[in-house]
1. Residue by residue through the stretch 120-149, note down the ones that are of a type outside the set (F, W, Y) and open to solvent by 40 Å² or more (accessible area, probe 1.4 Å).
2. Against the definition (under 19 Å from C13 (Cα atoms) and acidic (D, E)), how does D177 come out, yes or no?
3. Please verify whether S150 is modelled with pLDDT under 90 and in contact with a strand residue (DSSP E or B) (Cβ under 9 Å, 6 or more places away or on another chain), treating the condition exactly as stated.
4. May I ask you to list the residues in the stretch 99-119 that are under 20 Å from L129 (Cβ atoms) and open to solvent by 60 Å² or more (accessible area, probe 1.4 Å)?
5. Take residues that are modelled with pLDDT of 90 or more and open to solvent by 30 Å² or more (accessible area, probe 1.4 Å) and tell me which of the strands (runs of 3 or more DSSP E) falling wholly in the stretch 1-74 contain 2 or more.
6. Any residue in the stretch 175-191 that is more than 12 Å from the chain's Cα centre (by Cα), modelled with pLDDT of 95 or more and either assigned to a loop (DSSP other than H, G, I, E, B) or over 19 Å from L102 (Cα atoms) (or both)?
7. Can you list residue pairs whose Cβ atoms sit under 7 Å apart, with the first residue in the stretch 175-189 being within 15 Å of V141 (Cβ to Cβ) and the second being modelled with pLDDT of 75 or more and of a type in the set (D, E)? Count only pairs 6 or more apart in sequence or on different chains.
Amino acid sequence: MRFSALNRLALRCRYEQFIPGALHPDGQRYLPQIVVTLLEAGPDTAPGTQLCLVDRHHRVDPRLVGQVVIVRLLCALSTIHLQTPPIRAGFVSPTNPPLMPLSEPVVYGQVMEIEAWEVQRSHLPFETLYTELVIGLADEVTVGLRTTLSAPRITDLIGRERLTPGDWIEVRRSRIDILALEADLVSTSPLG
């Protein structure tokens with residue numbers, strides 16, 4: 001899965017667990033899952049928040065379990081809406097109390113970059129939006145978003161005709177894809 005702003009996505013975590021996919025009756029394995037603890041993920045992320053992520057693209061090295069890593073995550077198939085005050089930033093459980101680890105958190109953040117924004121208006125009674133965004137959660141903490149939305153009017157769905165860098169948004173119902181997981185070389189160096 002290609003994302004043009006991949007090198008601008010970064011989320012620092014501790015890689016807790018690799019869960020191999022269960023064996024399917026046909027002899028193949030289901031996709032593996034990984035559990036990470038978020039270390040720097042925005043002021044509204046509760047301390048110790050964990051994510052359970054599916055490794056759909058087989059990008060994760062199980063030998064890195066136990067290390068501090070940088071993950072490059074992409075929220076996909078999401079809904080987006082402008083935030084209303086108070087403004088929030090981070091990963092938040094959609095349920096209370098939170099189910100741990102989170103597999104579909106609500107993500108609050110600021111639009112940093114718009115890589116794609118394509119609205120299709122046709123003879124059908126609805127509009128379709130395809131967008132790719134870089135979302136900031138804290139200093140140097142970013143995730144990506146790629147989604148397609150349909151509604152009678154996209155403006156009514158997201159709260160504005162077009163998002164711009166600096167807008168604060170809420171992202172829900174995401175499938176979170178791991179585009180890369182790498183050892184955090186700063187935390188593993190002798191001086192780090």
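1. First pass over the stretch 120-149, keeping only residues of a type outside the set (F, W, Y): 120-125, 127-129, 131-149.
If the condition is that a residue be of a type outside the set (F, W, Y) and open to solvent by 40 Å² or more (accessible area, probe 1.4 Å), then Q120, R121, S122, H123, L124, P125, A138, D139, E140, R146, T148 are the ones that fit.
2. On the way: under 19 Å from C13 (Cα atoms): yes; acidic (D, E): yes.
So D177 fits the description; yes.
3. Values: modelled with pLDDT under 90: no; in contact with a strand residue (DSSP E or B) (Cβ under 9 Å, 6 or more places away or on another chain): yes.
Here the answer is no, as S150 does not meet what is asked.
4. Once the filter is applied, which keeps residues that are under 20 Å from L129 (Cβ atoms) and open to solvent by 60 Å² or more (accessible area, probe 1.4 Å), the stretch 99-119 yields M112, E115, E118.
5. Details: elements: 11-19, 33-40, 50-54.
Qualifying strands (runs of 3 or more DSSP E): 11-19, 33-40.
6. No - not one qualifying residue is present in the stretch 175-191.
7. That search, which allows pairs on different chains as well, returns nothing.
The values are calculated or read from the model by the stated rules, or taken from the named source; none is laboratory data. Computed from a predicted model, the values in this text were never measured in an experiment. So basically every Cβ, Gly included, is an ideal-geometry build from the backbone, and we count neighbours across all protein chains shown. Remember, those area values only see protein heavy atoms, side chains included, never the ligands or the DNA or RNA. Shrake-Rupley method; radii C 1.70, N 1.55, O 1.52, S 1.80 Å.
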